[in-house]
Amino acid sequence: MLSKTERRIEFLLEQEEESASVCSGCGKVHNTAVHSVGRITVEDLPMSGKRVYLHVPRRKSVCLEDGSIRVEEIEWIRGRFTKRFADQVCRLTSITTNKESGWFLGIDDEMVYRLDKGMLEELALEKLEKVKAPRHMSVDEVAWQKWHKYVTNVVDVDKRRVIWNHDGRGKTALDKFYHTIGTRGCKRIKAVASDGAKGFLSSTKKHAKKALIVLDHFHVKKYLNEAIDVVRKEELRNAWQQGHEELSQMLHCNKRFILMQNKVTNKRKDILDKLSTLNERIYKAMLLKEQFLSLYVSGNRRAAYANLKAWIGAAIRSGIEPFVEL
């Protein structure tokens, strides 16, 4: 016992047996040397009407995954409380309000909410089905809140449903999915579709080494449209400088969405016919987009490969930089 007053009891805990620590970063057991030892104070269940606090030693060691120095994960600690204290909170909130539970335990209702939410999430994870490794998957990030709040979704293409998601984006988020399904699951994956983000590509190449990486149709169209828009702005600027009013009106931003359309409409057809005589560069850019999209209806792999090779040659010969970069 460290100290005792009328309202609280404090205990100083010491580790009796040396054991490997569990990394709080990657969740794996590391047998690396201990960098340093600190202490954390956590509240436990009350004893004899007094609040109980435990001073727990907590080791720091180097994580073998990212090389960072991280504290160990202690299974029976939940934030600044013990797991059994959090369990007590969860039981109380099932029969009364957060405010009354907090009054009874001597903590504010916001902390009651956080502990209850954490325990309910743990219970939900126990009941959820384990994620099965898909054969064909797609991955994408979605902004769900302002200030760059993202969630990464993994979709099983064959089943056409989301099988996993996690806060964040890029390599860090997708690495967690691959760790979830394990090495055996990663070997099962045959193809991964993504938007071409460097983080997703890096993570997939590291974990699913045999998987075919595919750029999804939606983002390919997006990159093609972005290339056309760059050319449109350049030619619009030139038209203004040369006083070419008809071309300026045709390339104005209010015509932008007509140029970007994938469906062939009468308006789009009329604009393309006029551009073929008014501005060869933007007309070639539009044709390059149509030629690339025809790859998706090639019929077989050999024809698609031949068409892609022909498109690369056409893009280089066109000299249109945004398409050459693609």
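The values are calculated or read from the model by the stated rules, or taken from the named source; none is laboratory data. Being a predicted model, the structure only gives us computed values, none of them experimental. Glycine also receives a Cβ, built like all others from the backbone with ideal geometry; neighbour counts cover every protein chain displayed.
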Completion exercise
Among Ala285, Ala303, the single one that is modelled with pLDDT under 85 and of a type outside the set (Ser, Thr, Tyr) is Ala285
Exercise for the section: Name the residue, out of Arg91, Arg58, Arg51, Arg39, that is in the same structural domain as Glu110 (by TED's automatic domain parsing) and over 26 Å from Gly182 (Cα atoms). Expected result: Arg91
Fill in the blank from the handout: Scanning the range 271-326 residue by residue, the ones that are within 23 Å of Leu212 (Cβ to Cβ) and of a type in the set (Val, Ile, Thr) total 2
Exercise for the section: Out of Ala124, Ala143, report the one residue that is surrounded by fewer than 15 Cβ atoms within 10 Å (Cβ to Cβ), small (Gly, Ala, Ser) and either in contact (Cβ under 8 Å) with a residue 60 or more places away in the chain or assigned by TED's automatic domain parsing to the domain that holds Val192 (or both). Expected result: Ala143
Practice task
Name every residue in the range 34-68 that is farther than 20 Å from Arg7 by Cα and either out of contact with any strand residue (DSSP E or B) (no Cβ under 7 Å at 6 or more places or on another chain) or in contact (Cβ under 8 Å) with a residue 60 or more places away in the chain (or both), in order of residue number.
Solution key: Glu65, Asp66, Gly67, Ser68
Problem - Hits in the range 275-301 (condition: of a type in the set (A, V, I, L, M) and either exposed (fewer than 12 other Cβ atoms within 10 Å of the Cβ) or not assigned by TED's automatic domain parsing to the domain that holds Glu235 (or both)) - result: Val297
Exercise for the section: With respect to Leu92, determine if the residue is crowded, with 17+ Cβ neighbours inside 10 Å, at pLDDT 90 or above, of a type in the set (A, V, I, L, M, F, W, C) and assigned to a helix (DSSP H, G or I). Expected result: yes
Exercise for the section: Please verify whether the range 316-326 includes one or more residues that are under 27 Å from Val192 (Cα atoms), of a type in the set (Asp, Glu), modelled with pLDDT under 85 and loosely packed, with under 12 Cβ neighbours inside 10 Å. Expected result: yes
Exercise for the section: State the number of residues belonging to the range 9-42 that are loosely packed, with under 14 Cβ neighbours inside 10 Å and either among the hydroxyl-bearing types (Ser, Thr, Tyr) or touching a Cys at 6+ places or on another chain (Cβ under 7 Å) (or both). Expected result: 4
Practice task
Hey, could you check the range 95-109 for residues that are in a helix (DSSP H, G or I) and of a type outside the set (Ser, Thr, Tyr) and say which is nearest to Val42 (Cα to Cα)?
Solution key: Leu105
Handout entry: For Leu272: the one exception among (1) at pLDDT below 80; (2) closer than 19 Å to Asn225 by Cβ; (3) loosely packed, with under 15 Cβ neighbours inside 10 Å
Key = (3)
Problem - Matching entry among Asp108, Asp87, Asp116 (being of a type in the set (D, E, K, R) and buried (at least 17 other Cβ atoms within 10 Å of the Cβ)) - result: Asp116
